[in-house]
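Here's the structure, in structure tokens; my notes come after.
The values are calculated or read from the model by the stated rules, or taken from the named source; none is laboratory data. Since we're looking at a predicted model, the values are computed, not measured. Counting neighbours? That spans all protein chains shown, and the Cβs are built from the backbone with ideal geometry, glycine included. Note: areas computed on protein heavy atoms with side chains; ligands, DNA, RNA excluded. Shrake-Rupley method; radii C 1.70, N 1.55, O 1.52, S 1.80 Å.
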Amino acid sequence: MKIDTFTGGLFETNCFFIEEAAILIDAPQEAAEWLRKTGKKVSLLLLTHGHIDHVFDAAEIEREHGCKIGLHRETIPMVTDREFFRRFGFGLEVEPVRKPDFLIGETESLEINGIDFQVLDVPGHCPGSLCFFDKKERVLFGGDVLFAGGVGRWDLPGGDRELLFSGIKTKLFPLGDDVKVLPGHGPATTIGRERQTNPFLS
Ligand SMILES: [Zn+2]
Ligand SMILES: [Zn+2]
């Protein structure tokens, strides 16, 4: 499986394009431009969560690619309400997406475009925070839950430290030490490395 990574925007947010499935995971600022330049065509955009740095280019990509957008129910207001982030004091608006119509929740099996994902709902960084686990490749697209040597912030609106830590330990760790984690920020890691060395979790 070929996965291309692009990092964009002020917060250096990662997005991932799974070539064979034409699936893009997250839509940071400048992702639309990167897709244009590299000639990639997106059939489905999956959002790990609704924070503005992950959804910034979602509407533009939806418009240009005519793709579906798969997201958690709790992410909908963050991508459809232009003023959502302003109300929390961020001086940013998000361009609303038109059809947030493909709702995703926790499930053992979500088969899309030939890939079989297990989907884990791990709130605590953000309500409606999804991790997409490609069972065959044993790769976890984790969003802002577990980072190399860190975890997602829990001090933003809707954050909850206990939920975050218990979600990582009870849902992500059991996936197996060999699982590769592709997080929303920073370099790739593995479940095993974080289970053994992550200062927040030991
Ligand atoms: Zn986030
Ligand atoms: Zn983020």
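Grab the DSSP H runs of the chain that are 4 residues or longer, score each as -39,500 (n - 2.57), total them, divide by all residues and round the 222 nm result to the nearest 500 deg cm²/dmol.
-4500 deg cm²/dmol
Using alpha-carbon positions, what is the distance between the centroids of the stretch 11-29 and the stretch 146-202, in Å?
Each part's Cα centre sits 19 Å from the other's.
Can you give the accessible area of R138 in Å² (nearest 10), computed on protein heavy atoms with a 1.4 Å probe?
About 80 Å², rounded to the nearest 10.
What are the ³J(HN,Hα) values, in whole Hz, obtained from phi via the Karplus relation 6.51 cos²θ - 1.76 cosθ + 1.60 with θ = phi - 60°, for each residue of the stretch 14-30 in sequence order, with x given for Gly and Pro?
Each residue of the stretch 14-30 in turn: 7, 10, 10, 10, 8, 4, 5, 9, 6, 9, 10, 10, 6, 9, x, 4, 6 Hz.
So how much slack lies between R86 and K135, counting 0.36 nm per residue of separation and subtracting their Cα-Cα distance, in nm?
Contour length minus Cα-Cα distance gives 13.9 nm.
I'd like the FRET efficiency for D4 and E95, computed as 1/(1 + (r/R0)^6) with the beta carbon distance as r and R0 of 25 Å, rounded to 0.05.
E between D4 and E95, to the nearest 0.05, is 0.55.
With bins 10 Å wide starting at 0, give me the P(r) of the stretch 79-147 over every alpha carbon pair, in whole percents.
Cα pair-distance distribution for the stretch 79-147, in percent: 19, 36, 33, 11, 0.
With a 1.4 Å probe and all protein chains in place, put L10, L110, L71 in order of accessible area, largest first.
From most accessible down to least: L10, L110, L71.
Quick one: how many Å² of F56 are accessible to a 1.4 Å probe, rounded to 10?
70
Within the chain, how many lysine pairs that are 8 or more places apart, or on different chains, have C-alpha atoms less than 13 Å apart?
Within the chain, the lysine pair count is 5.
Just the accessible area for V55, please: 1.4 Å probe, Å², rounded to the nearest 10?
We get 0 Å² for V55.
State, to one decimal in nm, how far the label point of E33 lies from the label point of D155, with both points 7 Å from Cα in the Cβ direction.
3.1
Looking only at the stretch 148-168, which residues have a backbone nitrogen under 18 Å from a spot 7 Å from the Cα of E106 in the C-beta direction?
Only 152, 159-168 pass the distance filter.
Report in % the part of the accessible area of the stretch 89-157 that belongs to carbon and sulfur, leaving out ligands and nucleic acids; probe 1.4 Å.
That fraction is 51 percent.
So if R0 is 25 Å, what FRET efficiency would E12 and R63 give, r being the distance between their Cβ atoms, rounded to the nearest 0.05?
Calculated transfer efficiency: 0.55.
Give me the dipole magnitude in Debye, nearest 20, for the stretch 85-202 about the Cα centre, with unit charges on the beta carbon: positive for Lys and Arg, negative for Asp and Glu.
That gives the stretch 85-202 a dipole magnitude of about 240 debye.
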